Amino acid sequence: MAKLKIGVLISGRGSNLKALIDACAAEDFPAEIVRVIANVTGAGGLAYAEEAGIPWQMIDHRAFRDREGFEDTLHRALKDAGVELICLAGFMRLLTESFVNRWWDRLINIHPSLLPAFRGLHTHERVLEYGARFTGCTVHFVRPAMDDGPIIVQAVVPVAVDDTAEALAARVLREEHIIYPLAVRMVAEQRVRVVQDRVIVQGAGTPRGALVSPTLHRVGPSKTPNHTQSARAR
Ligand code: GAR
């Protein structure tokens with residue numbers, strides 16, 4: 001089967017782009033990156049595209065009078081490159097409804113939280129402020145509202161008691177690098193269907209059991225039932 005042609009849009013560091021490049025390097029991976037586009041001059045991630053010999057382009061949104069002008073150019077560039085699926089990878093620019101409509105169910109994004117919780121910026125700071133015990137990351141189809149759309153894959157990451165936003169971001173990012181290629185594989189293998197704005201993945205399994213956090217350190221024999229420990233033992 002022909003590989004799915006993907007276009008990756010970035011605004012910065014590009015570590016998720018790098019994870020996708022590495023995944024695509026495997027012969028049996030069902031997708032290939034045909035174009036990388038950045039909207040911010042000096043986006044560090046472009047170096048990964050250059051290194052891998054992938055055609056890349058700078059389309060600086062500030063060079064356009066309005067969003068429509070920027071998005072028309074973006075759309076044309078992606079079409080010219082033969083892109084079939086767009087992957088937003090740290091692309092920090094909201095796309096208009098008209099652009100999203102043109103790429104309906106062919107436009108995916110990664111966000112560093114368990115959506116629909118903690119949409120938007122400064123995710124990890126807000127997770128810590130809220131005192132959430134778990135966070136994670138999500139790959140989803142893009143809908144016009146920010147960080148909204150049918151969920152393809154999520155990974156759950158525990159929040160440690162002494163976490164800083166940086167430590168938490170790094171722990172989540174490691175999982176992002178796993179689930180983004182996984183989501184692209186699922187789409188490229190045509191396992192993913194959107195039915196009534198929810199994703200069904202053909203041939204997908206579900207992990208068994210549950211995670212509980214925090215757990216208690218045992219300080220001696222206890223006669224009272226401990227839900228945390230019984231849940232852990234399951
Ligand atoms: C990633 O953590 C990604 O999830 C986030 O930006 C970072 C980009 O890192 N995206 C969003 O917050 C989108 N709402 P990267 O440039 O190293 O891939």
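In whole Å, what is the distance between the alpha-carbon centres of the stretch 82-134 and the stretch 34-58?
Between the Cα centre of the stretch 82-134 and that of the stretch 34-58, the gap is 20 Å.
If you filter the stretch 39-94 for trypsin sites (Lys or Arg not before Pro), then keep DSSP loop positions with at most 13 other Cβ within 10 Å, what is left?
ARG65
May I ask for the angle, rounded to the nearest 10°, between helix 165-188 and the longest principal axis of the chain, with both axes built from Cα atoms and the value confined to 0 to 90°?
Relative to the chain, helix 165-188 is tipped by roughly 60 degrees.
Under a 5 Å amide H to amide H cut-off, with H placed in plane at 1.01 Å, what residues pair with TRP56 once short-range neighbours are removed?
Residues meeting the amide H criterion: VAL36.
Which whole-Hz ³J(HN,Hα) couplings does the stretch 204-213 yield from phi under the Karplus relation 6.51 cos²θ - 1.76 cosθ + 1.60, θ = phi - 60°, glycine and proline marked x?
Karplus values, whole Hz, x for Gly and Pro: 9, x, 10, x, 8, x, 9, 9, 10, 8.
Non-local amide H neighbours of PHE134 (under 5 Å, H modeled in plane, Pro and chain starts lacking H): which ones?
Counting only residues 5 or more places away or on other chains, the set is VAL159.
Would you work out which of GLY203, ILE108, ALA170 lies farthest towards the positive end of the dipole of the chain, given +1 charges on the beta-carbon of Lys and Arg and -1 on that of Asp and Glu, about the Cα centre?
GLY203
Return the Cα extents of the stretch 1-63 along principal axes one, two and three, sorted largest first, each rounded to a whole Å.
Taking the Cα atoms of the stretch 1-63, the three principal extents are 39, 18, 16 Å.
If R0 is 41 Å, what FRET efficiency do you get for ALA204 and MET146 from their C-beta distance, rounded to 0.05? Intermediate values should be presented prior to the final figure.
Numbers: r = 27 Å, r/R0 = 0.65.
Between ALA204 and MET146 the formula returns 0.95.
Each residue of the stretch 55-61 in turn: what ³J(HN,Hα) in whole Hz from Karplus with 6.51, -1.76, 1.60 and θ = phi - 60°, glycine and Pro shown as x?
Once θ is set to phi - 60°, the couplings for the stretch 55-61 become x, 10, 8, 9, 10, 6, 4 Hz.
Can you give me the angle between helix 15-24 and the longest principal axis of the chain, using Cα atoms only, in degrees from 0 to 90, rounded to the nearest 10?
Between the helix axis and the principal axis of the chain, the angle is about 80 degrees.
Among 195-201, 68-74, 44-50, how do they line up from the highest to the lowest mean number of other beta-carbon atoms within 10 Å?
44-50, 68-74, 195-201
Can you work out the base-10 log of I(q)/I(0) for the stretch 71-192 at q = 0.09, 0.10, 0.19, 0.21 1/Å, using the Debye formula on its C-alpha atoms alone?
-0.27, -0.33, -1.01, -1.16
Roughly how many nanometres apart are two label points built 7 Å out from the Cα toward the Cβ at ALA167 and ARG102?
4.5 nm
What list of whole percents do you get for P(r) of the chain, with Cα-Cα distances grouped in 5 Å bins up to the one holding the largest distance?
Once binned at 5 Å, the Cα pair distances of the chain give 1, 6, 13, 16, 18, 16, 11, 7, 4, 3, 2, 1, 1, 0, 0.
At 222 nm, what value in deg cm²/dmol follows for the chain if DSSP H runs of at least 4 each add -39500 (n - 2.57) and the sum is divided by all its residues, to the nearest 500?
Mean residue ellipticity, 222 nm, calculated: -10000 deg cm²/dmol.
Return the distance in nm (one decimal) between the two label points of a simple spin-label model at GLU68 and ALA26, each offset 7 Å from Cα along Cα→Cβ.
Simple spin-label model gives 4.4 nm for this pair.
For the stretch 1-114, what does the accessible surface come to per residue with a 1.4 Å probe? Please give it in Å².
47 Å²
Residue by residue, what Karplus-based ³J(HN,Hα) values in Hz, rounded to whole numbers, does the stretch 74-86 have, using 6.51, -1.76 and 1.60 with θ = phi - 60° and x for Gly and Pro?
3J(HN,Hα) across the stretch 74-86, in whole Hz: 4, 4, 5, 4, 5, 5, 4, 7, x, 5, 10, 9, 9.
The values are calculated or read from the model by the stated rules, or taken from the named source; none is laboratory data. Bear in mind the structure is a predicted one, so any value in this text is a computation, not a measurement. With ideal geometry, Cβ positions are generated from the backbone for all residues, glycine too; neighbour counts draw on all protein chains shown. Calculation scope for accessible area: heavy atoms of the full protein, side chains included, ligands and nucleic acids excluded. Shrake-Rupley method; radii C 1.70, N 1.55, O 1.52, S 1.80 Å.
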